[in-house]
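Working notes, structure below.
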Amino acid sequence: MLLPKFEFYEPTSIQEAIDLKKKYRGKAKLMAGGTDLLVHLKKKLVTADHLISLAKIKELSQVQQAGDTLKIGTCVTMSQLSKSAVIQEKFGAIKTASDNLGTHLIRNRATLGGNVCNASPAGEALPSLIVYQAQVRLQGPEGKRKIPVESFFKGPGKTDIHEGEILVGFQLPLPEKNYGAHYLQLGKRKSSEINVVNVAAFVEINPADQTVKTARIALGSVAATPIRSFHAEDVLTNKAPGEAVFYEAGEAARHKDCQPIDDFRGTAAYRRAMIGVLTKRTLETACKLAMAQ
């Protein structure tokens with residue numbers, strides 16, 4: 001299966017990429033790693049007369065810490081994320097999600113921006129970005145803007161990118177002390193498989209009484225977009241972490257927040273059941289990490 005013909009561009013600045021996108025409008029596609037886009041072009045799922053690669057824009061391939069903020073460029077690969085010292089130290093759930101995307105060959109090319117722009121309800125990195133309160137950084141002819149990543153998704157394959165805009169990266173607040181986070185996913189195979197369900201959890205413990213001060217839980221593959229499990233979060237808040245409360249949170253997630261569907265990867269009932277299990281397990285690990293600090 002061959003790629004169709006297209007004009008290929010390699011801009012070296014964000015503004016140059018914006019100008020090219022504006023010039024060719026709907027006839028152009030942006031490419032970060034290309035692990036999904038090139039396949040879709042081959043299968044004629046999408047068409048493009050012009051392909052604009054972002055790979056040579058240096059600032060889009062950097063992970064930078066500035067004060068209490070971390071910035072991740074849209075072209076940072078999953079392998080880069082996994083090897084980043086600050087990601088390993090402060091954002092363990094993102095590292096775990098990165099390590100679970102496809103094979104090592106795919107991780108060397110697949111980018112965080114591409115994973116987010118695909119807007120798959122099963123996207124590996126999406127739940128972790130949500131629980132770490134990431135913001136999406138966008139830039140276009142009208143200027144720059146930032147929005148919470150959980151507001152960025154509008155449906156399967158649909159995002160809040162405006163005409164002419166480019167997703168240039170992500171901004172995350174550095175977590176403080178007494179926190180822990182974890183990510184788990186379930187697929188039919190270990191790798192190279194779309195998730196059946198995936199869950200990320202972030203927990204902050206109040207050191208004064210060892211109760212849960214803050215909890216954020218994000219679920220994937222159980223709705224049209226990745227979603228927060230607010231009912232499960234409410235179960236945890238101000239409670240002492242333990243087996244019973246983790247189970248109660250898992251039950252809240254599966255019964256009150258899920259809207260799964262049946263497909264060839266799993267039934268809605270199976271997804272719902274596994275959300276309960278994975279929510280409980282992510283919370284166990286997140287709380288253990290938080291209380292160890």
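Some notes on this structure:
- Within the stretch 1-99, the trypsin sites (Lys or Arg not before Pro) that combine a DSSP coil assignment with at most 12 other C-beta atoms in a 10 angstrom radius are K5, K43, K44.
- Computed [θ] at 222 nm, deg cm²/dmol, the chain (DSSP H ≥ 4; -39,500 (n - 2.57); rounded to nearest 500): -9000 deg cm²/dmol
- Helix 243-252 and the longest principal axis of the Cα set of the chain meet at an angle near 50°.
- At full extension, L3 and F230 could sit 77.3 nm farther apart than now, given 0.36 nm per residue minus the alpha carbon distance.
- Averaging the Cα positions of each part gives two centres, and for the stretch 37-102 and the stretch 267-290 these lie 26 Å apart.
- Of the chymotrypsin sites (Phe, Trp or Tyr not before Pro) found in the stretch 222-289, those in coil by DSSP whose Cβ has at most 11 other Cβ atoms within 10 Å are F264.
- Computing FRET efficiency as 1/(1 + (r/R0)^6) for N206 and R281, where r is the C-beta to C-beta distance and R0 is 25 Å, gives about 0.65.
- With K and R counted +1 and D and E -1, the other residues having a Cβ less than 14 Å from that of K5 yield a net charge of +2.
- Residue exposure sequence - V277, V203, V235 - by fewest surrounding Cβ within 10 Å: V277, V235, V203
- Computed over the alpha carbons of the stretch 7-53, Rg followed by Dmax gives 10.5, 31 Å.
- The stretch between K22 and Q64, if pulled fully straight at 0.36 nm per residue, gains 12.3 nm over its current Cα-Cα span.
- Chymotrypsin sites (Phe, Trp or Tyr not before Pro) within the stretch 4-91: DSSP coil, no more than 14 neighbouring Cβ in 10 Å: none
FYI, it's all coordinate maths here, none of it is from the lab. Remember, predicted model here, so these are calculated numbers, not experimental data. Heads up, the Cβs are rebuilt from the backbone with ideal geometry, glycines too, and the neighbour counts pull from every protein chain shown.
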